Structure formats: structure tokens, C-alpha cells
Amino acid sequence: MKSFLIIGMGKFGHYLCKELSSLGNEILAVDVVEECLMPCLPLVTSAQIGDCTKPEVLSELGIGNFDRCFVCIGTNFQNSLEITSLLKEMGARWVVSRASTDVQAKFLLKNGADEVVYPERDIAERIAKKSSASHVFDFVDLGNYGIYEVLPLRDWVGKSIRELNVRVNYNISILGIREKDGSVFMPDAEYRFDGEDHMMVMGSDADLARFLKKL
């Protein structure tokens with residue numbers, strides 16, 4: 001269990017609270033507007049109304065006690081920048097700030113953010129990659145690498161991983177296979193593909209792009 005501070009209870013902040021809470025973490029939620037905090041109350045350990053651009057408000061929160069501090073403000077970049085900077089000055093271990101553009105991200109990183117997230121861009125990218133390739137069921141972005149859930153190629157059906165020499169011929173790794181009756185993680189070289197298998201394949205963006213064109 002970890003402890004998180006989430007500043008800004010818009011849609012992104014709310015969903016972040018929901019996911020972190022479901023994993024059993026402790027959460028302090030803060031927003032300047034009381035109404036924004038109300039939907040999050042069942043999800044968080046505690047909540048506080050306050051303007052986090054004011055140092056005296058942040059100093060009362062015990063910034064150094066949180067494993068991560070999230071700045072989820074999406075409507076006022078100036079406030080997001082000020083809060084990010086103040087958090088780092090007050091000893092925050094790790095600050096994650098929300099950005100909408102690359103320019104915003106650069107300013108946030110220069111002013112104390114350890115990590116920047118782009119919720120809208122990341123969602124759009126995920127949907128685009130799933131939608132533009134045939135038979136893509138899910139996708140995880142890992143920077144310059146990714147993991148895709150896809151069907152095997154038609155000519156793979158009935159053949160084994162060893163016969164196809166997947167790693168050498170396609171430069172991708174098969175992490176797992178979802179079958180009708182369960183899942184196989186790190187399948188051995190003798191595994192033979194079924195037409196209804198879902199594969200979890202990992203590789204570089206370039207190698208995966210070449211592979212997806214074959215689907």
C-alpha cells in the first residue's frame with residue numbers, strides 16, 4: 001500500500017482516485033472547489049478544500065510523506081505550474097503533472113515535475129492504434145516499445161513457435177497466449193497456434209508496425 005496526494009478533482013483526478021483506491025492505496029484528495037471533492041469522498045482516505053497555489057496550504061499537507069504527488073489540473077496551466085514547483089521545493093518525492101501540449105510538458109519538467117502525463121493524447125493514441133490495425137484487441141505503450149493483443153497470422157495456425165522462428169523472423173517476443181480455456185504465459189517453443197488464440201506480442205514500435213501490416 002502506498003500513499004498518494006492528488007490535487008485537482010476533475011475527470012482525470014476522479015478516475016485516478018478510483019483506480020488507486022481499488023488497489024488499496026491511501027489517498028488525500030485536494031481541490032479548491034468543494035463540489036468537485038464530493039464524488040471522490042467514498043474513494044479516498046481523506047479530502048481537503050484548499051488552494052494549493054498558496055504555500056501555506058501545501059505545507060499543512062505533509063508533502064514529504066506521500067510516495068507520489070499528482071497535479072491533475074487541466075483548466076489552468078499557470079496554477080498547475082506553480083503547484084508543481086512548490087511541491088518539489090517542499091520535498092515531494094515524486095511529482096507527476098498533467099499536460100495538454102509538449103510546450104506545457106517542457107515547462108513542467110523544468111519546474112519540478114519528475115513525470116508528465118497526457119491523458120487526452122494517450123487515450124487518442126491508444127484508440128488510434130487499436131482501430132487502425134486489423135484484429136488488434138488491446139495495446140500498451142512502453143515508450144519506444146509496445147505490447148499488442150492480436151490474432152496469429154493465418155499461416156501460423158497449426159504451426160509451432162519453433163517452426164515459425166518468431167523471434168528471428170519477426171523480431172517480436174510472444175509474452176502470452178489467451179486461449180478459450182485460459183491463458184499460457186511465456187509459451188514454450190513447441191506451442192502450436194490455434195486460429196482463435198489471442199497473442200500478447202512485444203517489440204519495438206518499428207518492428208510491431210511491420211508485423212501488424214501482415215495481419
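Observations on the model:
- Here Gly143 clears all of (1) without any contact (Cβ under 8 Å) to a residue 60 or more places away in the chain; (2) assigned by TED's automatic domain parsing to the domain that holds Pro55 except the condition numbered (2).
- Test for Glu125: is it under 26 Å from Thr101 (Cβ atoms) and part of a helix (DSSP H, G or I): yes
- Residue match in region 150-162 (condition: without any contact (Cβ under 8 Å) to a residue 24 or more places away in the chain, in a strand (DSSP E or B) and either surrounded by 13 or more Cβ atoms within 10 Å (Cβ to Cβ) or among the acidic types (Asp, Glu) (or both)): no
- Only one of the listed residues (Glu26, Glu89, Glu82) is more than 26 Å from Lys106 (Cα to Cα), of a type in the set (D, E, K, R) and free of Cβ contacts under 8 Å to residues at least 60 places away in the same chain. That residue is Glu26.
- Positions within region 23-51 being surrounded by 12 or more Cβ atoms within 10 Å (Cβ to Cβ), more than 15 Å from Ile63 (Cα to Cα) and either under 24 Å from the mean Cα position of the chain (by Cα) or of a type in the set (S, T, N, Q) (or both), in sequence order: Asn25, Asp31, Cys36, Leu37, Pro39, Cys40, Leu43, Val44, Thr45
- Identity of the residue in region 95-151, within 13 Å of the chain's Cα centre (by Cα), of a type in the set (Lys, Arg) and closer than 30 Å to Ile177 by Cα, that ends up modelled with the lowest pLDDT: Arg126
- Members of region 34-60 found to be among the hydrophobic types (A, V, I, L, M, F, W, C), in a loop (DSSP other than H, G, I, E, B) and in contact (Cβ under 8 Å) with a residue 24 or more places away in the chain, listed by number: Leu43, Val44, Cys52
- Single match in Ile73, Ile6 (criterion: in a loop (DSSP other than H, G, I, E, B) and either surrounded by 15 or more Cβ atoms within 10 Å (Cβ to Cβ) or of a type outside the set (Asp, Glu) (or both)): Ile73
The values are calculated or read from the model by the stated rules, or taken from the named source; none is laboratory data. Not measured: the values here are computed from a predicted model. Every residue, glycine among them, receives a Cβ derived from its backbone with ideal geometry; neighbour counts consider all protein chains shown.
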